[in-house]
Amino acid sequence: MPTLEWIGKSKVINHHQEVPFRVLERRYSYDEQGQHEEDNGSENMIIRGDNLEALKALLPRYEGRIKCIYIDPPYNTGNEGWVYNDNVNDPKIKKWLGEVVGKEGEDLTRHDKWLCMMYPRLKLLQKLLAEDGVIFISIDDTEYANLKLICDEIFGSNCFVSNISWQRTYSTRNDSKGIVNEVEHLLVYSKQPAWNPNKLPRTAEMDERYNNPDNDVRPWKSSDAFAPDSVGHQGMVYGVQHPITGKIMYPPNGRHWSFGQEQVLEIMQGWAPYELRDINDAEVRAELCGIAKESVRQDVKAIMLSVPLEEAAKQAEQVYQRGQWPIFCFSNNGKGGVRRKTYLSEVGGRLPTNFWPFSETGHTDEAKKEMLAIFDGKATFDTPKPRRLLEFVLKVAGSEDALILDSFAGSGTTAHAVLNMNKADGGHRKFILIEMMDYADSITAERVKRVIDGYGEGKNVVAGTGGNFSFYDLGEPLLVGDCLNEAVAPEKIREYIWFMETKTPYTPPAGGTPYYLGKHNSTGYYFYYEPQRVTVLDYAFLATIKEKADGTVIYADRCSIGEDKLAQMGITFKKIPRDISRL
């Protein structure tokens, strides 16, 4: 598989492992009571801070749990002032990472810098995706080719789903030069190969193709009665006698009947009496399959009329005039070729395509107008995405209880879409937004507050969606050098230890020993830690353990019991902080 090389790649492909793990500190919560300091237990999060560190901070609780990720990273057009400068410990990289992003031309430094910014973030996003999860990345032509190559590397080329063209504008300027860029890309990757999208609601135009010319109780449309591959389905390549003309009908070359022979026989009985009969047509069937006569199955019979043609035709014409024809019917007033009735009630929704028109997904002008309406006519954000685009993403890739992550949150469109859809269908979707800029509170969170409460005046009032969220900042690093940071609350350390041992989210156990973390796969875990004193695993501590398990792992500062004795008791001692795994 082709891979992309750039200046600094060797320093960033594992950079996500070197990012310090920082805890998340809740600053306030917001709900129908407004903003308050009390924790409302909301699963919706807005996090202020560098998204590389924030993504790392989410791992203990959310690794492998995110159903849908949408990100709208900087497009690196040369006109942006993006500030994602990761501190990579190499003088050469530090030199060019610190330079001003090029404003004009195809400056290689600018593209290298963008790739170094994106790579470790995509690595963490891939870890956060659920097994049935999918990521959508908005991008334009500037970095599309580079992004595709690094996504192939990180997610796997077999997990590439689609390159969607989003029609971002509904009109082009008359003074535009060259070929006008009417679309942007949505690059889509899944966690596992062979991901399938949700089907979308059918349109009225699609349903208009279905009717009931035979007075059937259900609308239907005429479709092909055959399916591909004749050689692999020789038992479904056979003749069927026409009930009116008497002609023997076969599938076209290389195709077979779409139903098994017993089912086709039953269907044809709806026109006239039929039976299975050997008509010695092996040569015809072999030609249809493209094989020698000697190689074709010899035991395949034809479906033939069991009464004289005149009698069968009279009966079939009566069925034709009566209506409500069998599922296999005939064109040209009943005397033409065979067709299959496909019922509207059986086709389900429509599959999404790789072209998303603005009529269904919104456009940039619509997004700007919605932002102006939310913020009382004040322009607060230059390049918002339309809410309908995010709603379309969630229809294609989400569910009514999906967890959605946006780590380049910008104006908060993703949260707006989630809240709006929950109000519309009673769903319980949850969002996590990350935004490093100062406007994380003043614009991103503020928009979500106004959407929850409602906004606008007079005839333009938009009712609130309801809902809630909590606002977080990146807190202290858990580890400072080789030492635990005593400024971090013990409960947050316990959550981290549990995740590193079990790779599952932490739920504090009810009751039990104060230092007990819980049991996983028949092993009990204890974190014997006090910030201001040295803890010792001794017989006195063991006497406090009440929980039963096949094995026991105990973290402490020291241990006064010999290794042989610990082994006899099925206990594994792990020294704080030496044996704490780094995320």
**Item:** Tally, over segment 453-485, of residues that are surrounded by 14 or more Cβ atoms within 10 Å (Cβ to Cβ), over 22 Å from Arg61 (Cβ atoms), out of contact with any strand residue (DSSP E or B) (no Cβ under 7 Å at 6 or more places or on another chain) and touching a residue at least 40 places away in the same chain (Cβ under 8 Å)
**Value:** 2
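Please specify each residue of segment 506-548 satisfying the condition of being among the acidic types (Asp, Glu) and either touching a helix residue (DSSP H, G or I) at 6+ places or on another chain (Cβ under 9 Å) or not in a loop (DSSP other than H, G, I, E, B) (or both).
To start, the set of residues in segment 506-548 that are among the acidic types (Asp, Glu) comprises 530, 538, 547.
Glu530, the sole residue that qualifies.
For segment 398-457, how many residues meet the condition of being under 26 Å from Met118 (Cα atoms) and either among the polar types (S, T, N, Q) or part of a helix (DSSP H, G or I) (or both)?
Of segment 398-457, the ones under 26 Å from Met118 (Cα atoms) are 398, 402-418, 430-445.
Of the ones still in play, those that are also either among the polar types (S, T, N, Q) or part of a helix (DSSP H, G or I) (or both) are 407, 411, 413-418, 439-445.
Residues meeting the conditions: 15.
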**Message:** Any residue that is of a type in the set (Asp, Glu) and in the same structural domain as Phe375 (by TED's automatic domain parsing) - is there at least one of those in segment 456-464?
**Reply:** yes
**Prompt:** Which ones in segment 458-493 are hydroxyl-bearing (Ser, Thr, Tyr) and part of a loop (DSSP other than H, G, I, E, B)?
**Reply:** Thr465
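Can you tell which of Thr414, Thr380, Thr353, Thr361 is in contact with a helix residue (DSSP H, G or I) (Cβ under 6 Å, 6 or more places away or on another chain) and closer than 30 Å to Lys221 by Cα? Step through it out loud before you land on a result.
Numbers: Thr414 fails: closer than 30 Å to Lys221 by Cα; Thr380 fails: closer than 30 Å to Lys221 by Cα; Thr353 fails: in contact with a helix residue (DSSP H, G or I) (Cβ under 6 Å, 6 or more places away or on another chain).
Within the list Thr414, Thr380, Thr353, Thr361, the selection yields Thr361.
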**Request:** With the condition kept exactly as written, say whether any residue in segment 298-306 is in contact with a helix residue (DSSP H, G or I) (Cβ under 7 Å, 6 or more places away or on another chain) and assigned to a loop (DSSP other than H, G, I, E, B).
**Result:** yes
**Request:** Name the one entry in Gly398, Gly377, Gly349 that is at pLDDT below 95 and touching a Cys at 6+ places or on another chain (Cβ under 6 Å).
**Result:** Gly398
**Prompt:** Got at least one residue in segment 239-259 being over 25 Å from Tyr320 (Cα atoms) and assigned to a helix (DSSP H, G or I)?
**Reply:** no
**Message:** What's the total number of residues in segment 370-382 that are over 14 Å from Val461 (Cα atoms) and loosely packed, with under 13 Cβ neighbours inside 10 Å?
**Reply:** 3
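Suppose we filter Arg285, Arg255 for residues that are of a type in the set (Lys, Arg), surrounded by 14 or more Cβ atoms within 10 Å (Cβ to Cβ) and touching a Pro at 6+ places or on another chain (Cβ under 8 Å); which single one remains? I'd like the intermediate steps shown before the answer.
Values: Arg285 fails: touching a Pro at 6+ places or on another chain (Cβ under 8 Å).
So the residue among Arg285, Arg255 that is of a type in the set (Lys, Arg), surrounded by 14 or more Cβ atoms within 10 Å (Cβ to Cβ) and touching a Pro at 6+ places or on another chain (Cβ under 8 Å) is Arg255.
The values are calculated or read from the model by the stated rules, or taken from the named source; none is laboratory data. None of these values were measured; they are calculated from a predicted model. Cβ coordinates were reconstructed from backbone atoms using ideal geometry, including for glycine residues, and neighbour counts include every protein chain displayed.
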